[in-house]
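What follows is a set of notes on a single structure, which appears directly below.
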Amino acid sequence: MFSFSSSAMVDRPFDWAYQLEDLGYTGWEIVNEGKQRLTKENAQEAKNIAETTKLVITVHLPYSDLNLASMNQPIWEETIRQMKRCLSLSCDFCRLAVVHPGHLSPLGMSMPDKAWSQNILGIQEICDHAAELDMKIAVENMVNMPALLGRRPEEIVGILETVNRDNAGFILDVGHANTNGNVNQFLKLKDLVIHAHIHDNHGERDEHLPVGFGTVPWDNVAAAFEGYSGRMVTESRSLAEGQRSLKRLKKLMKKE
């Protein structure tokens, strides 16, 4: 149920992941950035970790310098290519991948409807490729930055309804929601949630603090997640802070 995100480890190779079970985790989310980016050369190493541990592996599709809502067609096509390649590299040991919606470029801001359509088409292409690999795609709500799509519950619902793919679901990023002041509104979408990112902040920026160190209404989160069967992924700045989040999270979820 509880996974650790490798977002804090993007400057390191995969070997640190062998520590996760001893730290109390049952899963690992590979963030495809920096040295954690899956390649033909290191995908076998990730597969070996999956086969020699009991860790459930999920992946976060790449996002740096990419944009599913790009109005620059070659950039949009490269975004799709990199995301599909990540899915193909991970399908032997992973069944779920997280994707960020696109964002409005300067041109996209002047043509938001077209940028929205590009975003929808991009997610559809990714979902269709994932379906061929027996994988699910989880669309993430985003942090409070005006250019980003998917910051509000109605946007996430609109994306999922318009994408209209059976293997598409919602990943609730609790910390991102807190920066937008809409955690409780997002919790109303709990029936759509297939995956979750867990971290804290003070409601102004994406601090990625341990659970309980910010202003996220954790009692409300725990109540909404009662009966939830997906994974909860701590996105922490270090393994030590991940442990703090994990300990508090287990108590909140009454798992120990």
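Only the coordinates and a few stated rules stand behind these numbers; no lab work does. Since this is a predicted model, take the numbers as computed values, not measurements. Every residue, glycine among them, receives a Cβ derived from its backbone with ideal geometry; neighbour counts consider all protein chains shown.
So, counting K/R as plus one and D/E as minus one, what does the shell of residues with Cβ under 12 Å around Asn67 add up to?
-3
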Mind jotting down the distance between the C-alpha centroids of segment 203-256 and segment 27-74, whole Å?
23 Å
So, over other residues within a Cβ distance under 13 Å of Lys54, counting Lys, Arg +1 and Asp, Glu -1, the net charge is -3
Please tell me the relative contact order of segment 79-211 in percent, rounded to the nearest whole number, where contacts are Cα pairs under 8 Å and at least six residues apart.
22 percent
Cα-based convex hull volume of segment 203-245 per residue, rounded to whole Å³
83 Å³
Compactness of segment 101-205 as Cα Rg over 2.2 N^0.38 Å, two decimals:
1.07
Once the Cα gyration tensor of segment 58-104 is diagonalised, semi-axes √(5λ) in Å
21, 11, 6
Please give every one of the lysines within straight-line cross-link reach of Lys40, meaning a C-alpha to C-alpha distance under 24 Å, and leave out same-chain neighbours fewer than 8 residues apart.
Lys54, Lys84, Lys136
For every helix of n ≥ 4 consecutive DSSP H residues, a contribution of -39,500 (n - 2.57) applies; sum these over the chain, divide by its total residues, and give [θ] at 222 nm rounded to the nearest 500 deg cm²/dmol.
-11500 deg cm²/dmol
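Taking the mean number of other Cβ atoms within 10 Å as a proxy for protection, how do you rank 207-213, 128-134 from highest to lowest?
207-213, 128-134
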With an 8 Å cut-off on Cα pairs and a minimum separation of 6 or more residues, tell me the relative contact order of segment 168-228 in percent.
35 percent
Under 8 Å for C-alpha pairs, at least 6 residues apart: give me the relative contact order for the chain, rounded to a whole percent.
17 percent
Would you please give the residues with an amide H less than 5 Å from that of His197, counting only those at least 5 places away or on a separate chain, with H modeled from the backbone geometry?
Leu172, Asp173, Val174, Val233
Please give the charge dipole size of segment 192-256, origin at the Cα centre, charges +1 on K and R Cβ atoms and -1 on D and E Cβ atoms. Round to the nearest 20 debye.
340 debye
Within the set of other residues whose C-beta is less than 10 Å from the C-beta of Val233, count the net charge using Lys and Arg as +1 and Asp and Glu as -1.
-2
